[in-house]
Amino acid sequence: MKSSTFKMALCAISALALPQIASASLLVGFHRFDDSTDIQTVLSGSATNYAATGFRGDLFKNGANSEADGGSIDGTYGDRDFGALNPASGDGYGRSLNAGDPVLRITNVTGSSVLLDALLFDAASISTGRTIYVTYQINGDGFKDLASGSLPGTAGSGVYGNFAIDLKSLITETFGPGDWIEFKFNGVTNGRIDNIALTAIPEAGNALACAGLLSGGIFFRSRRRAASRG
């Protein structure tokens, strides 16, 4: 699987579009964090975090210890509602720091392929005026800029911003057996991240073609340049 040229168009999520967008399948979801391990792994059948059958998630903390309590209180992955698969509240958060940016890796260990839909997460900071930068790589091809967004300074209250990055125009080839993708959350001092998820497009929804999202009033802008924050 190779990434295609990232188209720069952006569109807003409307109330009418939300039911269709939310129908995307959840591949991997992290919402419960611990404060003792450097790497957290989730496989299908996990009693805590979520992985669909045939997919694996690994969260590399890179020296930025997470917390087992607190975090986002809205009970959704980004702006999406997955019903019974929704995350719990107050079960921890990851730290997104200049010196310790977490990396989420999703691996396809099944025998079938999917089309990737969106990267979802909640994020906030203790301080105002902070920005989070997201970079990505596919099968080890090197981190490239994906998007950036302003963080609300409300982490202490549990009110996190809902972020959604559309991937359909960026990654147009299938995510097949053995493929893996990593997302690095390049943060700032006191940055926090929670409820991280990757979704796939159901077969009936492959015609969806929004090249970007405005989510929860937080603007994500695409970044043309090769990553300077890999």
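One table, with the values for the structure above:
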{"read-out": "Residues (open to solvent by 10 Å² or more (accessible area, probe 1.4 Å) and either closer than 21 Å to Ala68 by Cα or touching a helix residue (DSSP H, G or I) at 6+ places or on another chain (Cβ under 7 Å) (or both)) located in segment 128-172", "value": "Gly153, Thr154, Gly156, Ser157, Val159, Tyr160, Asn162"}
{"read-out": "Considering residues of segment 173-184 that are assigned to a loop (DSSP other than H, G, I, E, B) and acidic (Asp, Glu) only, the residue surrounded by the most Cβ atoms within 10 Å (Cβ to Cβ)", "value": "Asp179"}
{"read-out": "Spans of strands (runs of 3 or more DSSP E) in segment 61-126 with at least 3 residues buried (at least 17 other Cβ atoms within 10 Å of the Cβ) and among the β-branched types (Val, Ile, Thr)", "value": "103-108"}
{"read-out": "Which listed residue, of Asp35, Asp69, Asp79, is under 25 Å from Arg130 (Cα atoms), free of Cβ contacts under 8 Å to residues at least 24 places away in the same chain and not aliphatic (A, V, I, L, M)", "value": "Asp69"}
{"read-out": "Every residue from segment 37-59 that is more than 22 Å from Gly176 (Cα to Cα) and surrounded by 13 or more Cβ atoms within 10 Å (Cβ to Cβ)", "value": "Gln40, Ser46, Thr48, Asn49"}
{"read-out": "Output for segment 52-92, where each listed residue is among the hydroxyl-bearing types (Ser, Thr, Tyr) and closer than 17 Å to Thr199 by Cβ", "value": "Thr53, Thr76, Tyr77"}
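The values are calculated or read from the model by the stated rules, or taken from the named source; none is laboratory data. Computed from a predicted structure; not experimentally measured. Positions of Cβ are backbone-derived with ideal geometry, glycine not excepted, and every protein chain shown enters the neighbour counts. Heads up: the accessible areas ignore ligands, DNA and RNA and are worked out on the full protein's heavy atoms, side chains in. Shrake-Rupley method; radii C 1.70, N 1.55, O 1.52, S 1.80 Å.
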